[in-house]
Amino acid sequence: MRSLFHAWLGLAIVGSTGCDPSSTPQDSEPDPAANTEASDSSSPETPATTSAPTHNGDDPSGGTTGDGGDGDSGDSTSAGPTGPQTTTGGEGTAGEAAGTGEANGATGDPTGGQTGGQTGGQTGGESDGPGESSSDGQAPVVDEDLLFTETFEGGVANVWPPAWQPLGGLVSHGVDALGRGWLNSESYTVGRLYLPGYAETNVDMAATVTFGHWNSQGVGLYARQNGGYLTYSDPPGAGYVAYLEGGFLDSLGIWREHEGIEEPLHQELLAAPLLDGVPYRMRFECEQLGPVTQLRARVWPAAEVEPMGWDVEITDDTPTLQDTAGSFAVDLFNYVNPVAAFVDDIEIRVLP
């Protein structure tokens, strides 16, 4: 498992900083009360505030009222395992209420108030359900391969949306004022949120990831996940994961979980370290090709156009993972102190 596999890594990172608390965000020191069991989701702790500082409502960069517009409410549809799952987008005018600039970090959100146009008004007039006309009168584009989406809009501060199930290793998880999901794991432990109810073999999974402390974190996107958690569940965990990890490794890799043990299959060094607080888009494809599974992944700044090439591309023939349908999960590993990372705009598609 990563917690064992990287035990030496955590010591190396701590040694490299000389155990100087300034080597990690000042506020990232865990509250002793925060290291509770992940199964106690009734009173989750908030993540370290340094991972996303709060803003005063008078600061234009962090809290002026945004006008979300008066677009028509849009429906986004994803086909779940028992039929289409539809959520209705909020009215554009909701942006006015969402951007009052109050510092929500004081009430438990890891970030403060932001512009309403970001959190409330984007939905109106932009997303239309299948068969509906868009606000500009043009026919909407229907993504027939889209299986599931998660935007975290309208989420609850101290818990991920109900579609997700915490499996273990988490200090806390929730949704911030920007409408992003956040999760915080215990030190040297895999924190995992699982999406039950799907059984797919060939998939494309993408998400926007923002690190609270790149030098001591890793985030993974799981496919063919069986709902297990390392060796602590019965059956033990299994699946494939694209794992983006910081520290001196600065790499994107493909791992497998086999009989509850997570093992790297291949890792590629990144051209440059990622930056804290900057959104990156991450994509992971898992496809059966005869007797082997093709696995490939890439990462790029979310503000830029998606590149064509893959950062890592391999095949694997682990017998228990071939032609095996499974669901999906998001992992976080903190190598030193518990610090939150942020995940948004998850899109899962079935490969044609």
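A few points about this structure:
- For Ala242: the one exception among (1) within 15 Å of Val312 (Cα to Cα); (2) of a type outside the set (S, T, N, Q); (3) surrounded by fewer than 18 Cβ atoms within 10 Å (Cβ to Cβ): (3)
- Residues that are polar (S, T, N, Q) and open to solvent by 10 Å² or more (accessible area, probe 1.4 Å), drawn from segment 168-188: Ser187
- Against the test of being basic (Lys, Arg), more than 24 Å from Ser185 (Cα to Cα) and either in contact (Cβ under 8 Å) with a residue 40 or more places away in the chain or open to solvent by 10 Å² or more (accessible area, probe 1.4 Å) (or both), the options Arg281, Arg296, Arg224 yield a single qualifying residue, Arg296.
- Here Ala207 clears all of (1) in a loop (DSSP other than H, G, I, E, B); (2) touching a residue at least 24 places away in the same chain (Cβ under 8 Å); (3) within 26 Å of Arg298 (Cα to Cα) except the condition numbered (1).
- So His258, is it modelled with pLDDT of 95 or more, closer than 18 Å to Gly191 by Cα and surrounded by fewer than 23 Cβ atoms within 10 Å (Cβ to Cβ): yes
- Unmet criterion (only one of (1) touching a residue at least 12 places away in the same chain (Cβ under 8 Å); (2) within 17 Å of Thr208 (Cα to Cα)) for Glu304: (1)
- Residues of segment 243-254 satisfying the condition of being touching an Asp or Glu at 6+ places or on another chain (Cβ under 9 Å) and in contact (Cβ under 8 Å) with a residue 40 or more places away in the chain: Tyr243, Leu252, Gly253, Ile254
- The number of residues in segment 318-337 that are touching a Ser or Thr at 6+ places or on another chain (Cβ under 6 Å) and either assigned to a strand (DSSP E or B) or at pLDDT 95 or above (or both) comes to 3.
- Considering residues of segment 308-322 that are surrounded by 10 or more Cβ atoms within 10 Å (Cβ to Cβ) and within 25 Å of the chain's Cα centre (by Cα) only, the residue farthest from Gln294 (Cα to Cα): Asp311
- Members of segment 265-280 found to be assigned to a strand (DSSP E or B) and more than 15 Å from Arg296 (Cβ to Cβ), listed by number: Leu269, Tyr280
- Residue-level analysis places Thr231 outside the set of residues that are touching a Lys or Arg at 6+ places or on another chain (Cβ under 9 Å) and open to solvent by 10 Å² or more (accessible area, probe 1.4 Å).
- Some residue of segment 267-279 being charged (D, E, K, R) and touching a helix residue (DSSP H, G or I) at 6+ places or on another chain (Cβ under 9 Å): yes
- Test: residue in segment 325-332 that is closer than 30 Å to Ser172 by Cβ, surrounded by fewer than 20 Cβ atoms within 10 Å (Cβ to Cβ) and of a type outside the set (Phe, Trp, Tyr): no
- Looking across segment 215-240, the residues that are hydrophobic (A, V, I, L, M, F, W, C) and out of contact with any Ser or Thr (no Cβ under 9 Å at 6 or more places or on another chain) come down to Val219, Leu221.
- Count of segment 189-216 residues, restricted to those that are open to solvent by less than 10 Å² (accessible area, probe 1.4 Å), closer than 22 Å to Ile261 by Cα and either over 13 Å from the mean Cα position of the chain (by Cα) or of a type in the set (Gly, Ala, Ser) (or both), is 3.
- Any chance Trp300 is assigned to a loop (DSSP other than H, G, I, E, B) and of a type outside the set (Asp, Glu): no
- Only one of the numbered conditions (1) open to solvent by 20 Å² or more (accessible area, probe 1.4 Å); (2) more than 15 Å from Leu332 (Cβ to Cβ); (3) assigned to a strand (DSSP E or B); (4) not polar (S, T, N, Q) is not met by Gly253, and that is (1).
The values are calculated or read from the model by the stated rules, or taken from the named source; none is laboratory data. Remember, predicted model here, so these are calculated numbers, not experimental data. Reconstructed Cβ throughout: ideal geometry from the backbone, glycine too, with neighbour counts over all protein chains shown. These area figures cover heavy atoms from the full protein model, side chains too; ligands, DNA and RNA do not enter into them. Shrake-Rupley method; radii C 1.70, N 1.55, O 1.52, S 1.80 Å.
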